[in-house]
Amino acid sequence: MNKNDLVSAVAEHSGLSKTDAGRAVDAVFGSIEGALKAGDEVRIVGFGSFSVAHRAASTGRNPRTGEAIQIAASKQPKFKAGAPLKAAVNG
């Protein structure tokens, strides 16, 4: 499912027009992104949690040359599925 499929599904299930459903989907994604940028965690009961993981700088290797390279520290978005979502997928 891509974003257009998601917008269509939201429109169908909610009775909204595709334009309004698209705005709603964009608003949800924008709100999650904004919270993660601010360093907050987003918990949606029954679905899961979005958070930011901090990765320390490390040394890696270039696979072609074997040369050591420095990998910069970064922040990575994480998602942890909640129990009801796991159960829905598995059963």
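No lab work stands behind these numbers, since they all come straight from the coordinates. Just so we're clear, the structure is a prediction, and the values are computed from it rather than from any experiment. No Cβ is skipped: glycine too gets one built from the backbone with ideal geometry, and neighbour counts run over all protein chains shown.
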Query raised in the report: Ordered by residue, what ³J(HN,Hα) values in Hz, to whole numbers, does segment 66-82 give under the Karplus form 6.51 cos²θ - 1.76 cosθ + 1.60, where θ = phi - 60° and Gly and Pro are x?
Result: x, 6, 6, 10, 8, 9, 5, 5, 8, 10, 10, x, 10, 10, 10, 5, x
Query raised in the report: Per-residue HN-Hα couplings for segment 22-38, Karplus 6.51 cos²θ - 1.76 cosθ + 1.60 at θ = phi - 60°, whole Hz, x for Gly and Pro?
Result: x, 5, 5, 5, 4, 5, 5, 4, x, 5, 5, 4, x, 5, 5, 4, 7
Query raised in the report: Hey, got the dipole for segment 51-91? About the Cα centre, +1 on K and R Cβ, -1 on D and E Cβ, debye to the nearest 20?
Result: 100
Report task. List, in the order given, every pair from 18/86; 18/80; 18/78; 3/86 whose Cα-Cα distance in the structure shown is over 25 Å. Result -> 18/86; 18/80; 18/78
Query raised in the report: Which value in Å does the Kirkwood hydrodynamic radius of segment 1-40 take, with 1/r averaged over all unlike C-alpha pairs and then inverted?
Result: 10.6
